Amino acid sequence: MSAITLRGLDHVVLRVTDMERAKRFYCDVLGCSVAKERPDLGLIHLKAGRSMIDLSIVDGLRGKEGGAPPGKEGRNVDHFALQIESFDEAALRAELAKHGVGVDLVAKRFGAEGTGMSLYLYDPDGNKVELKGPSEGP
């Protein structure tokens with residue numbers, strides 16, 4: 001028996017070029033809330049349901065450790081997926097459009113709870129975010 005038993009995604013750390021812009025995107029568009037701010041580290045911890053997204057400014061104490069900032073030619077992560085309660089494509093598109101956010105690649109995809117509909121979008125720093133709907137089966 002392993003000493004490691006996984007329960008789910010705890011947190012993802014994203015290096016960002018504009019902290020306020022990133023915070024507005026994740027809080028105002030996706031519904032996160034600020035759990036804790038760490039200006040000494042250039043870090044903001046955001047609650048994302050049961051998980052966390054940490055934003056680290058690229059020129060802050062922690063952010064400098066990651067090298068060059070994110071951009072088209074270099075990413076910090078490929079993408080991360082946020083589980084959502086329901087998947088209504090039209091409603092999601094309308095909500096995101098209110099914030100000037102486009103939708104990319106809507107499809108059925110496999111995730112932690114099985115296969116279900118999801119969509120990709122991009123945050124202001126070009127990080128790919130997947131909104132993953134409920135499972136429709138294995």
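With respect to V77, determine if the residue is surrounded by 11 or more Cβ atoms within 10 Å (Cβ to Cβ), assigned to a loop (DSSP other than H, G, I, E, B) and either of a type in the set (S, T, Y) or touching a residue at least 40 places away in the same chain (Cβ under 8 Å) (or both).
Numbers: surrounded by 11 or more Cβ atoms within 10 Å (Cβ to Cβ): yes; assigned to a loop (DSSP other than H, G, I, E, B): yes; either of a type in the set (S, T, Y) or touching a residue at least 40 places away in the same chain (Cβ under 8 Å) (or both): yes.
Spelling it out, V77 is indeed surrounded by 11 or more Cβ atoms within 10 Å (Cβ to Cβ), assigned to a loop (DSSP other than H, G, I, E, B) and either of a type in the set (S, T, Y) or touching a residue at least 40 places away in the same chain (Cβ under 8 Å) (or both).
Between a residue in the range 119-138 that is closer than 20 Å to S51 by Cα and free of Cβ contacts under 8 Å to residues at least 60 places away in the same chain and any residue that is surrounded by fewer than 15 Cβ atoms within 10 Å (Cβ to Cβ) and among the β-branched types (V, I, T), which pairs come within a Cβ distance under 7 Å, given they are 6 or more apart or on different chains?
Listed pairs, sorted by first residue: S135/T115.
Does the range 12-34 include one or more residues that are free of Cβ contacts under 8 Å to residues at least 12 places away in the same chain and over 16 Å from the mean Cα position of the chain (by Cα)?
no
Can you go through P124, P69, P134 and tell me which one is farther than 19 Å from D18 by Cα and in a loop (DSSP other than H, G, I, E, B)? Full working, then the answer.
Values: P124 fails: farther than 19 Å from D18 by Cα; P69 fails: farther than 19 Å from D18 by Cα.
Exactly one of P124, P69, P134 is farther than 19 Å from D18 by Cα and in a loop (DSSP other than H, G, I, E, B), namely P134.
Can you name every residue in the range 40-74 that is touching a Lys or Arg at 6+ places or on another chain (Cβ under 7 Å), crowded, with 17+ Cβ neighbours inside 10 Å and aliphatic (A, V, I, L, M)?
Matches in the range 40-74: L43, I44, L55, V58.
For the range 86-131, enumerate the residues that are touching a Leu at 6+ places or on another chain (Cβ under 9 Å), basic (K, R) and under 16 Å from Y26 (Cβ atoms).
If the condition is that a residue be touching a Leu at 6+ places or on another chain (Cβ under 9 Å), basic (K, R) and under 16 Å from Y26 (Cβ atoms), then K128 is the only one that fits.
Checking the structure you have, find out if any residue of the range 95-105 is touching a residue at least 60 places away in the same chain (Cβ under 8 Å), in a loop (DSSP other than H, G, I, E, B), exposed (fewer than 14 other Cβ atoms within 10 Å of the Cβ) and under 11 Å from the mean Cα position of the chain (by Cα).
no
Each reported figure results from applying straightforward, stated rules to the coordinates on display, with no laboratory input. The model shown is predicted, which means the values in this text are computed figures rather than measured ones. When we count neighbours, we look across all protein chains shown, and the Cβ atoms used for this are built from the backbone with ideal geometry, even at glycine.
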